[in-house]
1. Please specify each residue of the stretch 42-70 satisfying the condition of being surrounded by 10 or more Cβ atoms within 10 Å (Cβ to Cβ), not in a loop (DSSP other than H, G, I, E, B) and not polar (S, T, N, Q).
2. From the list Glu3, Glu13, pick out the single residue that is among the charged types (D, E, K, R) and in contact with a helix residue (DSSP H, G or I) (Cβ under 8 Å, 6 or more places away or on another chain).
3. Hey, can you tell me all the residues within the stretch 17-36 that are in contact with a helix residue (DSSP H, G or I) (Cβ under 9 Å, 6 or more places away or on another chain) and charged (D, E, K, R)?
4. Counting just the residues of the stretch 1-41 that are among the aliphatic types (A, V, I, L, M) and not in a helix (DSSP H, G or I), which one comes out surrounded by the most Cβ atoms within 10 Å (Cβ to Cβ)?
5. Among the residues of the stretch 27-77, which ones are under 31 Å from the mean Cα position of the chain (by Cα) and small (Gly, Ala, Ser)?
Amino acid sequence: MTELLRKVVAKIEQLPEEKQNEIAERWLAELERESSEKLLLEQLASTEAVVWSPYDAHEAAQTLGELLAKAKQEDNA
């Protein structure tokens, strides 16, 4: 434990129990938030972002059109 943290804990120990618990809850919440933010950033860093654009996607448009036509025929059958 660092000297600064020892000083902080000593000050907190002088407070009423209710206030100590309040501070401890805030610390824990902050630590959990930082931990989950770090995990999210690590996941984002290891994720490849793929951006799809309808421009120059003629094959995709053709396939979608064929699927829609087939679905329409099946509905009419």
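Read-outs: derived from the displayed coordinates by stated rules, not from any lab. Because the structure is a prediction, the values reported are computed rather than measured. Ideal geometry is used to build each Cβ from the backbone, glycine not excepted, and the neighbour counts take in all protein chains shown.
1. Answer for the stretch 42-70, where residues must be surrounded by 10 or more Cβ atoms within 10 Å (Cβ to Cβ), not in a loop (DSSP other than H, G, I, E, B) and not polar (S, T, N, Q): Glu42, Ala60, Ala61, Leu64, Gly65, Glu66, Leu67, Leu68, Ala69, Lys70.
2. Details: Glu3 fails: in contact with a helix residue (DSSP H, G or I) (Cβ under 8 Å, 6 or more places away or on another chain).
Unique residue meeting the criteria: Glu13.
3. Narrowing the stretch 17-36 to residues in contact with a helix residue (DSSP H, G or I) (Cβ under 9 Å, 6 or more places away or on another chain): 19-20, 23-24.
Lys19, the sole residue that qualifies.
4. Initially, the stretch 1-41 is screened for residues among the aliphatic types (A, V, I, L, M), giving 1, 4-5, 8-10, 12, 15, 23-24, 28-29, 31, 39-41.
Checking which are not in a helix (DSSP H, G or I) leaves us with 1, 15.
Values: Met1: 7, Leu15: 12.
If we take residues in the stretch 1-41 being among the aliphatic types (A, V, I, L, M) and not in a helix (DSSP H, G or I), then Leu15 is surrounded by the most Cβ atoms within 10 Å (Cβ to Cβ).
5. Let us first name the residues in the stretch 27-77 that are under 31 Å from the mean Cα position of the chain (by Cα), namely 27-55, 57, 60.
Scanning the stretch 27-77 gives Ala29, Ser35, Ser36, Ala45, Ser46, Ala49, Ser53, Ala57, Ala60.
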